[in-house]
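Visitor: To start, I am sharing the structure in question, which I have written as structure tokens.
The values are calculated or read from the model by the stated rules, or taken from the named source; none is laboratory data. Just so it is clear, the structure is predicted and the values come from calculations on it, not from any experiment. As a convention, Cβ positions derive from the backbone with ideal geometry for all residues, glycine included, and neighbour counts pool all protein chains shown.
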Amino acid sequence: MALTLEHLDCRAFDGLEPVDPAWLEERDYWESYIAALYRSNGLPWSEADSNVDVWLRAPDRAPFIMMAERLLPALRAGRDLSRVALAIVAHWTPDLHLGTSVSNYLLHELGLETALGFAISERGLSAPLFAADCAERYLQPGQQALILIADQKHLLYRSPDFQPDAVRNSASLLLLERDGPGRPLAGYRRQLLTAGATVSDALGLLRAGWPAWPDAATLIADPALLAASGWRGPARPFDPAWLCSAPFAELGGVAGPAVLLQADGDAIYALAAGEAACG
């Protein structure tokens, strides 16, 4: 039976954690940490790669737990969460508070003593789509899953693939249920971009080979992906600055069936959603 979306809350954040001048005393520690991290992965490192000073001094720091704290009251309001059996944190960027278990925080804060909690962080921007698939496979009838999607804009290192000025601190909280009354989520699919194939080709293969693709679906995707897709149906471009939360931030404004897309590397990832529940 269907997995359903019972709660969706997506928000962007500015600074949530004031800078502590004492952190600057730890600069050498963090420089050593990031250099060792690069070396352990067989990557070259130079001082020019460091972003530690900005990371320590940024006025708009937003740790994952602090974003979650602001999302939890709306989830809790008038809702019994005792059926939550799974809590997943899905993210692309690392948390500012390295080593902190955000999934354990959720389990403790909500009193979920028997639920399973873990993070998905090695799936790129498709992490929350994969998390929904994990929930679909794990949940038994009547059980619920909590997915916290979180990304923040400050890294310890510089990367040509990551521009902080083009990123927003953002987090989303989803409550999913097996066979609930909410919006049905019809499935997850990955479509490889084979050599020589266009995005339009891949999207055609995805649609043709996926029974879960809903009729008259609105395509929710990055503007560049939409432009390359050749899609002629209804579409809703998302703001890429929201990173993993981006497609979900747009889903709330689409009442009809939708397909959420994220492109990452050599594949397109999709999650199908039915019509929003009334009331």
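Visitor: Among the residues of the stretch 169-193 satisfying the criterion of being assigned to a loop (DSSP other than H, G, I, E, B) and in contact with an Asp or Glu (Cβ under 8 Å, 6 or more places away or on another chain), which is nearest to Gly265 (Cα to Cα)?
Guide: Let us first name the residues in the stretch 169-193 that are assigned to a loop (DSSP other than H, G, I, E, B), namely 179-182, 193.
Cutting the leftovers down to in contact with an Asp or Glu (Cβ under 8 Å, 6 or more places away or on another chain) gives us 180-182, 193.
Details: Gly180: 34, Pro181: 35, Gly182: 32, Leu193: 9 Å.
Here the answer is Leu193.
Visitor: Looking only at the stretch 62-79, count every residue that is outside any helix (DSSP H, G or I) and either in contact with a strand residue (DSSP E or B) (Cβ under 8 Å, 6 or more places away or on another chain) or on the phi > 0 side of the Ramachandran plot (or both) and tell me the total.
Guide: In the first step, residues of the stretch 62-79 are kept if they are outside any helix (DSSP H, G or I); the result is 62-63, 77-79.
Restricting the remaining residues to those that are either in contact with a strand residue (DSSP E or B) (Cβ under 8 Å, 6 or more places away or on another chain) or on the phi > 0 side of the Ramachandran plot (or both) gives 62, 78-79.
Matching residues across the stretch 62-79 total 3.
Visitor: May I ask you to list pairs of residues, at least six apart or on different chains, whose Cβ atoms are under 8 Å apart, with the first in the stretch 234-262 being free of Cβ contacts under 8 Å to residues at least 40 places away in the same chain and the second being in a strand (DSSP E or B) and among the charged types (D, E, K, R)?
Guide: Short answer, once both residue conditions are applied: Glu250/Arg236; Gly253/Arg236; Val254/Arg236.
Visitor: Could I ask something else about it? With respect to Trp213, determine if the residue is closer than 25 Å to Cys10 by Cβ, assigned to a loop (DSSP other than H, G, I, E, B) and either modelled with pLDDT of 90 or more or touching a strand residue (DSSP E or B) at 6+ places or on another chain (Cβ under 9 Å) (or both). Show your work before the answer.
Guide: Values: closer than 25 Å to Cys10 by Cβ: yes; assigned to a loop (DSSP other than H, G, I, E, B): yes; either modelled with pLDDT of 90 or more or touching a strand residue (DSSP E or B) at 6+ places or on another chain (Cβ under 9 Å) (or both): yes.
In short, yes.
Visitor: How many of the residues in the stretch 142-154 are modelled with pLDDT of 95 or more and in a loop (DSSP other than H, G, I, E, B)? Let's see the steps before the verdict.
Guide: Here is the first cut: in the stretch 142-154, the ones modelled with pLDDT of 95 or more are 143-154.
When the remaining residues are screened for being in a loop (DSSP other than H, G, I, E, B), the result is 143, 152-154.
Count: 4.
Visitor: I would also like to ask the following. Of all residues being surrounded by 13 or more Cβ atoms within 10 Å (Cβ to Cβ) and aromatic (Phe, Trp, Tyr) in the stretch 24-47, which is farthest from the chain's Cα centre (by Cα)? Just the residue, please.
Guide: Trp45
Visitor: Follow-up question, since we're still on this one. Taking Ala119 and the conditions (1) touching a helix residue (DSSP H, G or I) at 6+ places or on another chain (Cβ under 8 Å); (2) of a type in the set (A, V, I, L, M, F, W, C); (3) surrounded by 21 or more Cβ atoms within 10 Å (Cβ to Cβ); (4) free of Cβ contacts under 8 Å to residues at least 60 places away in the same chain, which numbered condition does it fall short on, given that it satisfies the others?
Guide: The one condition Ala119 does not meet is (3).
Visitor: Please work out which one of (1) within 22 Å of Cys10 (Cα to Cα); (2) modelled with pLDDT of 95 or more is the condition Gly78 fails and give its number.
Guide: (2)
Visitor: Okay, moving on. How many residues does the stretch 52-69 hold that are touching a residue at least 60 places away in the same chain (Cβ under 8 Å) and under 21 Å from Trp242 (Cα atoms)?
Guide: Within the stretch 52-69, the first condition is being touching a residue at least 60 places away in the same chain (Cβ under 8 Å), and the residues that meet it are 52, 54-55, 58, 60-64, 67-68.
Still in the running and under 21 Å from Trp242 (Cα atoms): 54-55, 58, 60-64, 67-68.
Summing the residues that are touching a residue at least 60 places away in the same chain (Cβ under 8 Å) and under 21 Å from Trp242 (Cα atoms) in the stretch 52-69 gives 10.
Visitor: Exactly one condition in (1) among the charged types (D, E, K, R); (2) more than 21 Å from the chain's Cα centre (by Cα); (3) more than 30 Å from Leu37 (Cβ to Cβ) is not met by Arg178; state its number.
Guide: Here Arg178 meets the rest and fails (2).
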